[in-house]
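**Q** Can you keep this structure in mind? I'll have questions shortly.
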Amino acid sequence: MKSNYHCAVKDCKREFCALHRFPKFNEQPERFRLFVEATGNDNLKKLTPRKIYDRIRICNNHFKLEDMRRVGDNRFALFRHAVPSVNIYESKTPAFWVYQFLEGSNVLEDVSGK
Ligand SMILES: [Zn+2]
């Protein structure tokens, strides 16, 4: 199976490894934020959460073995609460910009806890 997707993590050169979708923002906003932060990829700023879910992938190389289970010969599924923790971009500032495109929505309030 040939895929056009590649890993979103900045400077990740791994190929031929399993890729995972990002979480759905409306279901797991905090987990979504951790995924985006882990990539260190500014290009994601230009995308809505929906487009990120549709188009962006992150590779196996950023998860621990216990974060996933094998579901086929060369296929892995992440557990529902797994977040990238290996070979990720070390962000010094929280990625608050993730929520910029949601300003004015109550999703933003849910996330900040205010
Ligand atoms: Zn990767």
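The values are calculated or read from the model by the stated rules, or taken from the named source; none is laboratory data. Values in this document were obtained by computation on a predicted structure and should not be read as measured data. Quick reminder, even Gly has a Cβ in these numbers, built from the backbone with ideal geometry, and neighbours come from all protein chains shown.
**Q** Name every residue in segment 1-42 that is polar (S, T, N, Q) and either part of a helix (DSSP H, G or I) or within 15 Å of ILE88 (Cα to Cα) (or both), in order of residue number.
**A** THR39, ASN41 - these are the residues of segment 1-42 that are polar (S, T, N, Q) and either part of a helix (DSSP H, G or I) or within 15 Å of ILE88 (Cα to Cα) (or both).
**Q** Name, by its number, the condition in (1) away from the ligand (no atom under 15 Å from the Cβ); (2) among the basic types (Lys, Arg); (3) under 19 Å from SER85 (Cβ atoms) that does not hold for LYS45.
**A** For LYS45, the failing item is (3).
**Q** Now a separate question. Given ARG21, ARG70, ARG50, ARG57, which one is in contact with a Cys (Cβ under 8 Å, 6 or more places away or on another chain) and farther than 12 Å from VAL83 by Cβ?
**A** After ruling out the rest, the residue left standing is ARG57.
**Q** GLU15 fails exactly one of the following numbered conditions: (1) acidic (Asp, Glu); (2) modelled with pLDDT of 90 or more; (3) closer than 18 Å to PHE76 by Cα. What is the number of that condition?
**A** (2)
**Q** Going by the structure shown, is ASN26 more than 10 Å from the ligand (Cβ to nearest atom) and more than 18 Å from SER85 (Cβ to Cβ)?
**A** Yes: the conditions hold for ASN26.
**Q** Of everything in segment 48-83 that's assigned to a loop (DSSP other than H, G, I, E, B) and β-branched (Val, Ile, Thr), which residue is farthest from the ligand (Cβ to nearest atom)?
**A** THR48
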